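**Q** Quick one: the structure is below, and I'll ask about it shortly.
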Amino acid sequence: MSMNSIGDLAQSLTLRARSVLIKNEIETLTQEMSTGETSNITQRLAGDYSHLSDIDRNLSRIEGFSVTTAETGLLFTTAQNHLEILHTRTDELANALTAVGSFGQTVNREQVSKQAQGDLITMVASLNGAVGGRSLFAGVATDTIALNSGDTLLADLKTAIIGQTTAADVLQAAESWFNDPAGFRSSMYRGSDQTLAAFEIAEGEEVSLKLKADDPAFRDMLKSTALASLATDSAVGLSPQEQAELLKQLGGQLATSRDALVGVRADVGFSEARVEQVETRNAASKTSLEYARRELLEADPFETATRLKAVQFQLESLYVVTVRTSQLSLVNFLR
């Protein structure tokens, strides 16, 4: 009769190796229990990764678009906030100019000119708005402010209109200066002639923010506001009657600028809505794909728990055998 046996060292190594295997299996099953996803993907998919790869590719694409839509949404929202400030200031100043130009006294005309000066500073600041370090209304020159200061505009425009004695002449001189490339654009605008490139927010879908601070809607608004600031300036030298006439006409021009700003805000709002729609659609697609992925790789919780309990029992049994083996000795054998 033959007997096969192994030495104590070999037996110790065997028990240790078995312990490591069981612990690894416990770790794997515990991970499956916590994540709900099988650890043996190849076996679950029978080696066919095409469906999983397609899901992961689409999830990655949606994740990329999610970053773009978040940044683009913030850009349009911030631009809309600045446009709201411009619209509000233009509306209030238009009403004030119309009222004062119709029947205002000298003190009222001076007050509304002072109001216009404050509004001009606010308007320039709004057109110099930025988000994330990127200028909103400077075209592709996002690293610079769009306009020089309101004081610069007032100083240069004053030089252009000094010597005019009637409201009509002042308006014509200001119009010429604003349309002259060596006038407003040279003195005030610091941005680029190129607008921002379109943002791709989904496959085949783009939105654009093509506003620049030298666009006609903004330029006309700044012109009327700056002229209202200078209307009562003694250096310009208009008579009280011409001041009143100028302020009245500027009120009408600002009302037109206000309406133009409504159209600009509507365009930006339309783009905002498109970004929100794409965000919602992308979120729904992401949820659907993640659900499909979980279904594809889901680990049966009951089966996993059963296997985990069985493996834990094996480990406990191995510990018992290890302890008993360690207590064997010749003395105990001879007893």
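The values are calculated or read from the model by the stated rules, or taken from the named source; none is laboratory data. Model, not experiment: these values are computed from the prediction. So basically every Cβ, Gly included, is an ideal-geometry build from the backbone, and we count neighbours across all protein chains shown. Side chains included, ligands, DNA and RNA excluded: accessible areas come from the protein's heavy atoms. Shrake-Rupley method; radii C 1.70, N 1.55, O 1.52, S 1.80 Å.
**Q** Just add up the charged neighbours of Asn58: K/R +1, D/E -1, any other residue whose Cβ is under 12 Å from the Cβ of Asn58.
**A** Once all neighbours under 12 Å are counted, the net charge is -1.
**Q** Can you tell me how much longer the chain between Arg281 and Glu71 gets when fully stretched, taken as 0.36 nm per residue apart minus their C-alpha distance, in nm with one decimal?
**A** 74.0 nm
**Q** State the volume of the convex hull built on the alpha-carbon positions of segment 95-220, expressed per residue in Å³ and rounded to an integer.
**A** Enclosed volume per residue, from the Cα hull, is 136 Å³.
**Q** Dipole size in debye (nearest 20) for segment 150-195 around its Cα centre, Lys and Arg Cβ +1, Asp and Glu Cβ -1?
**A** For segment 150-195, the charge dipole is close to 100 debye.
**Q** Sorted by accessible area with a 1.4 angstrom probe, largest first, how do Thr144, Thr88, Thr165 fall?
**A** Solvent-accessible surface, decreasing: Thr165, Thr88, Thr144.
**Q** I need the calculated FRET efficiency for the pair Ala198 and Ser234, taking r as the beta carbon distance and R₀ as 41 Å, to the nearest 0.05.
**A** With R0 = 41 Å, the Cβ-Cβ based efficiency is 0.25.
**Q** Please report the net charge: other residues with Cβ closer than 15 Å to the Cβ of Ala125, K and R +1, D and E -1.
**A** Computed value for this residue: -1.
**Q** Now for a separate question. Work through the residues other than Thr166 whose Cβ is under 12 Å from its Cβ and net out their charges, Lys, Arg +1 and Asp, Glu -1.
**A** For residues surrounding Thr166, the net value is -3.
**Q** A 25 angstrom limit on the alpha carbon distance is what I want to check against. Which of Lys223/Lys248; Lys158/Lys210; Lys210/Lys248 exceed it?
**A** Violating the 25 Å Cα-Cα cut-off are Lys158/Lys210; Lys210/Lys248.
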